[in-house]
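S.K.: If you scroll down you'll find the structure; I have some questions about it.
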């Protein structure tokens, strides 16, 4: 069964621009979570979606947003990019409710902001 | 200014020896714990999990120990192999938190021949 797919894998943007990252979860997984990974802060939770609704949100500014589609695919958007947004953005899917909640991660989208 | 990177603790292990990776978790309300392995250029990969009603769980070559009294989690890897070289993260959450995990800083494991 195919794993979590994230696109694009690498991208370079400049300050002030915006970026959209995409995530396709494992088939049958309805929960999608997003994490930011940086050398300075480690892995930090951004948000989680289930059935097209945001269920949890981490402590990030409003420039970070996301959404989930009816097929469980998810996108996250970062507007007005700052240098500090350079990071590996990881998407993870899970079976969610009623399950222990093991997360299955994608390979990530590495964003560089210049 | 430039951010300071997390100083990842490093565990150097000789091939064939056992490894023990430790983690202190923060939330006493957490009832589910996971260990992940992250190889360079890849996303974290599930190793083993444990619920708070257990104190030990074994998998293939791995054992997780949970001490709720001192909020401590450990991962033991038996007969460490070169392929075990990676960064290992512990993560905690409450069961009703679904996909919202709190991750530890990670430990870099280096296996030497």
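The values are calculated or read from the model by the stated rules, or taken from the named source; none is laboratory data. What you see is a predicted model, and the numbers here were worked out from it, not measured in a lab. Reconstructed Cβ throughout: ideal geometry from the backbone, glycine too, with neighbour counts over all protein chains shown.
S.K.: Against the condition more than 9 Å from chain B (Cβ to nearest Cβ) and either in a strand (DSSP E or B) or in contact with a helix residue (DSSP H, G or I) (Cβ under 9 Å, 6 or more places away or on another chain) (or both), how does residue A:72 come out, does it pass?
M.R.: No, not satisfied.
S.K.: If you don't mind, another one. Condition first: in a loop (DSSP other than H, G, I, E, B), more than 7 Å from chain A (Cβ to nearest Cβ) and either buried (at least 21 other Cβ atoms within 10 Å of the Cβ) or on the phi > 0 side of the Ramachandran plot (or both). Now tell me which residues in region B:102-113 satisfy that. Give the derivation first.
M.R.: Pass one, region B:102-113, residues in a loop (DSSP other than H, G, I, E, B): B:104-106, B:113.
Now drop any that are not more than 7 Å from chain A (Cβ to nearest Cβ), which leaves B:104, B:113.
Within region B:102-113, just B:104 meets the criteria.
S.K.: Got a sec? Which of A:94, A:22, A:109, A:51 is at pLDDT below 95 and under 24 Å from residue B:39 (Cα atoms)? Give the steps one after another, and end with the answer.
M.R.: Details: A:22 fails: at pLDDT below 95; A:109 fails: at pLDDT below 95; A:51 fails: under 24 Å from residue B:39 (Cα atoms).
Exactly one of A:94, A:22, A:109, A:51 is at pLDDT below 95 and under 24 Å from residue B:39 (Cα atoms), namely A:94.
S.K.: Looking at A:14, A:5 in this structure, which one is at pLDDT 95 or above, more than 14 Å from every other protein chain (Cβ to nearest Cβ) and surrounded by fewer than 22 Cβ atoms within 10 Å (Cβ to Cβ)?
M.R.: Just a single option satisfies the conditions, and that option is A:14.
S.K.: State whether one or more residues within region B:25-33 are in contact with a helix residue (DSSP H, G or I) (Cβ under 7 Å, 6 or more places away or on another chain), within 14 Å of chain A (Cβ to nearest Cβ) and either more than 12 Å from residue B:74 (Cβ to Cβ) or crowded, with 18+ Cβ neighbours inside 10 Å (or both).
M.R.: yes
S.K.: I'd like the full set of residues that are within 14 Å of chain A (Cβ to nearest Cβ) and more than 14 Å from residue B:20 (Cα to Cα), limited to region B:72-98. Don't jump to the end; show me each part of the working.
M.R.: Here is the first cut: in region B:72-98, the ones within 14 Å of chain A (Cβ to nearest Cβ) are B:86-98.
Scanning region B:72-98 gives B:91, B:92, B:93, B:94, B:95, B:96, B:97, B:98.
S.K.: So in region A:65-84, with the set limited to residues that are buried (at least 19 other Cβ atoms within 10 Å of the Cβ) and free of Cβ contacts under 8 Å to residues at least 40 places away in the same chain, which one is farthest from the chain's Cα centre (by Cα)?
M.R.: A:68
S.K.: Give the residues of region B:93-110 that are more than 16 Å from the chain's Cα centre (by Cα) and in contact (Cβ under 8 Å) with a residue 12 or more places away in the chain, sorted by residue number.
M.R.: Across region B:93-110, the qualifying residues are B:94, B:95.
S.K.: Which condition number does residue A:64 fail, the rest of (1) within 12 Å of chain B (Cβ to nearest Cβ); (2) within 22 Å of residue B:93 (Cβ to Cβ); (3) at pLDDT 95 or above being met?
M.R.: It fails just one condition, (1).
S.K.: Could you run through region B:46-71 and say how many residues are more than 12 Å from residue B:92 (Cα to Cα), within 14 Å of chain A (Cβ to nearest Cβ) and outside any loop (DSSP other than H, G, I, E, B)?
M.R.: 5
S.K.: If you scan region A:51-64, which residues turn out to be under 13 Å from the mean Cα position of the chain (by Cα), part of a strand (DSSP E or B) and under 28 Å from residue B:88 (Cα atoms)? Before the answer, list the steps.
M.R.: Going residue by residue through region A:51-64, those that are under 13 Å from the mean Cα position of the chain (by Cα) are A:54, A:56-58, A:60, A:64.
Among the residues that remain, those that are also part of a strand (DSSP E or B) are: A:54, A:56-57, A:64.
Correct list: A:56, A:57, A:64.
S.K.: How many residues does region A:25-44 contain that are buried (at least 24 other Cβ atoms within 10 Å of the Cβ) and part of a loop (DSSP other than H, G, I, E, B)?
M.R.: Summing the residues that are buried (at least 24 other Cβ atoms within 10 Å of the Cβ) and part of a loop (DSSP other than H, G, I, E, B) in region A:25-44 gives 1.
S.K.: Turning to a different aspect of this structure: Which numbered condition in (1) closer than 13 Å to residue B:99 by Cβ; (2) not in a strand (DSSP E or B) is the only one that residue A:15 fails?
M.R.: Against the list (1) closer than 13 Å to residue B:99 by Cβ; (2) not in a strand (DSSP E or B), residue A:15 comes up short only on (1).
S.K.: Here's something else I'd like to know. Assigned to a loop (DSSP other than H, G, I, E, B), at pLDDT below 95 and surrounded by 12 or more Cβ atoms within 10 Å (Cβ to Cβ): which single residue out of B:99, B:1, B:5 fits that description?
M.R.: One residue alone meets the criteria, B:99.
S.K.: Does residue A:46 satisfy being at pLDDT 95 or above and touching a strand residue (DSSP E or B) at 6+ places or on another chain (Cβ under 7 Å)? Outline the logic, then answer.
M.R.: Values: at pLDDT 95 or above: yes; touching a strand residue (DSSP E or B) at 6+ places or on another chain (Cβ under 7 Å): yes.
For residue A:46, the condition - at pLDDT 95 or above and touching a strand residue (DSSP E or B) at 6+ places or on another chain (Cβ under 7 Å) - is met.
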